[in-house]
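Input: a single structure, listed below in structure tokens.
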Amino acid sequence: MPREPAQYLLRLDDLCPTVSAERWKRFQSLIEEFHLQPILAVVPDNRDHELQVSPPDPAFWDRLRALESAGASVALHGYRHLCTSRGRSLVDLHRVTEFAGVSAATQRAWIAKGLRILRDHGLHPKIWVAPRHGFDAQTIRALLEEGIAIVSDGFARRPFLRGGITWIPQQLWGPVEKDRGLWTICVHPNTASDAEIEALRNFLAAHAARFTSVDRAVADLQPATLTLVERIQAECALRRLTLSHSLRPIRRLGSLRKSKSA
């Protein structure tokens, strides 16, 4: 029996009324052109100055409602996007995040308030996307208590169950062709370069038919607990990414030295 080809999901992070108007417009055009049903990770009450790129867009929430009506999935992307807490996340990439290490009561309050804001704007959030991948077992319990049963994170190659919640893996920050599995490409419109947007457009032109939605991925791939081999593969992928992050300052220093000696 032949293996199913790889499927892809597009996830757009850090969305809020002050998202870069120019870049957000370009991503909306890609969504419409290629009939995508992406994950829209929305910060409900943004207080992060780095996400205040453009003046507040009065039509922002209307645009989100239209995209959701067309099949996009809205995700709760933290609460205020203020990453000042120290704690160990279930996805151990960063030790300074918004949620990991925060008390259960505070996390539950933030999640409830964030969901209320999004719902008051006529949206129907059903996914959790943690700023800086930072969330712990307390977060999972609060999400389930508030009716959110899916998180977008993890380094497996298929949707899986862990801690009583469904995980849709997110392993890529740019388009990479894969032979099998489900791969979520996470893009930040505020910081995406022209070259990165063009690379995504080219990838979509070649592979748009293999982009799926959250609902289809869950229905078709039927999440289950990862096998031991799959858990090892996911842990190795996480460790490779962690090592890559830790080596970035060394690479930048090496590039700087080369430029000075040139």
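Being under 24 Å from Lys25 (Cα atoms) and touching a strand residue (DSSP E or B) at 6+ places or on another chain (Cβ under 9 Å) narrows it down to one of Ile168, Ile127, so name that one.
That would be Ile127, the only listed residue that is under 24 Å from Lys25 (Cα atoms) and touching a strand residue (DSSP E or B) at 6+ places or on another chain (Cβ under 9 Å).
Look through Leu9, Leu64, Leu40, Leu93 and report the one residue that is in a loop (DSSP other than H, G, I, E, B) and under 28 Å from Leu144 (Cα atoms).
When all the criteria are applied, what remains is Leu93.
Name every residue in the range 1-33 that is among the hydrophobic types (A, V, I, L, M, F, W, C) and crowded, with 17+ Cβ neighbours inside 10 Å, in order of residue number. Give the derivation first.
From the range 1-33, those among the hydrophobic types (A, V, I, L, M, F, W, C) are 1, 6, 9-10, 12, 15-16, 19, 21, 24, 27, 30-31; that's our starting set.
Those that are among the hydrophobic types (A, V, I, L, M, F, W, C) and crowded, with 17+ Cβ neighbours inside 10 Å: Leu9, Leu10, Leu12, Leu15, Cys16, Val19, Trp24, Phe27, Leu30, Ile31.
Can you pull out the residues in the range 66-85 that are surrounded by fewer than 15 Cβ atoms within 10 Å (Cβ to Cβ) and either within 18 Å of His124 (Cβ to Cβ) or aromatic (Phe, Trp, Tyr) (or both)?
Across the range 66-85, the qualifying residues are Ala66, Ser69, Ala70.
Could you grab me the full set of residues in the range 96-109 that are more than 30 Å from Cys236 (Cβ to Cβ) and part of a loop (DSSP other than H, G, I, E, B)?
The one that is more than 30 Å from Cys236 (Cβ to Cβ) and part of a loop (DSSP other than H, G, I, E, B): Ser103.
Note down all Cβ pairs under 6 Å where the first residue falls in the range 83-101 and is assigned by TED's automatic domain parsing to the domain that holds Ile140, the second is charged (D, E, K, R) and not in a loop (DSSP other than H, G, I, E, B), and they're at least six residues apart or on different chains.
Filtered contacts from the range 83-101: Cys83/Arg132; His94/Arg132; Arg95/Arg86; Val96/Arg86; Thr97/Arg132; Gly101/Arg86.
Please work out which one of (1) under 18 Å from Leu182 (Cα atoms); (2) of a type outside the set (Val, Ile, Thr); (3) modelled with pLDDT of 95 or more is the condition Pro2 fails and give its number.
In the conditions (1) under 18 Å from Leu182 (Cα atoms); (2) of a type outside the set (Val, Ile, Thr); (3) modelled with pLDDT of 95 or more, Pro2 misses (3) alone.
Could you go through the range 48-63 and let me know if any residue there is under 26 Å from Thr242 (Cα atoms), surrounded by fewer than 16 Cβ atoms within 10 Å (Cβ to Cβ) and at pLDDT below 95.
No - not one qualifying residue is present in the range 48-63.
Collect the residues in the range 116-167 that are β-branched (Val, Ile, Thr) and closer than 21 Å to Leu67 by Cα, keeping them in residue-number order.
Ile117, Ile127, Val129, Ile148, Ile150, Val151
Take the residues in the range 67-89 that are touching a helix residue (DSSP H, G or I) at 6+ places or on another chain (Cβ under 7 Å) and in a loop (DSSP other than H, G, I, E, B); name whichever of them is farthest from Asp45 (Cα to Cα).
The qualifying residue farthest from Asp45 (Cα to Cα) is Ser89.
If we keep just the residues of the range 90-128 that are under 15 Å from His77 (Cα atoms) and basic (Lys, Arg), which is surrounded by the most Cβ atoms within 10 Å (Cβ to Cβ)?
Checked the range 90-128; the qualifying residue surrounded by the most Cβ atoms within 10 Å (Cβ to Cβ) is Arg108.
Please indicate, with yes or no, whether at least one residue in the range 171-182 is on the phi < 0 side of the Ramachandran plot, among the hydrophobic types (A, V, I, L, M, F, W, C) and in contact (Cβ under 8 Å) with a residue 24 or more places away in the chain.
yes
Just give me the residues in the range 110-139 being under 13 Å from Pro44 (Cβ atoms) and part of a helix (DSSP H, G or I), in sequence order.
Residues satisfying the conditions are Trp110, Ile111, Ala112, Lys113, Gly114, Leu115, Arg116, Ile117, Leu118, Arg119, Asp120, Pro131.
The values are calculated or read from the model by the stated rules, or taken from the named source; none is laboratory data. This structure is a prediction, so every number in the text was calculated from the model and none was measured. Positions of Cβ are generated from backbone atoms using ideal geometry, with glycine treated the same way; all protein chains shown enter the neighbour counts.
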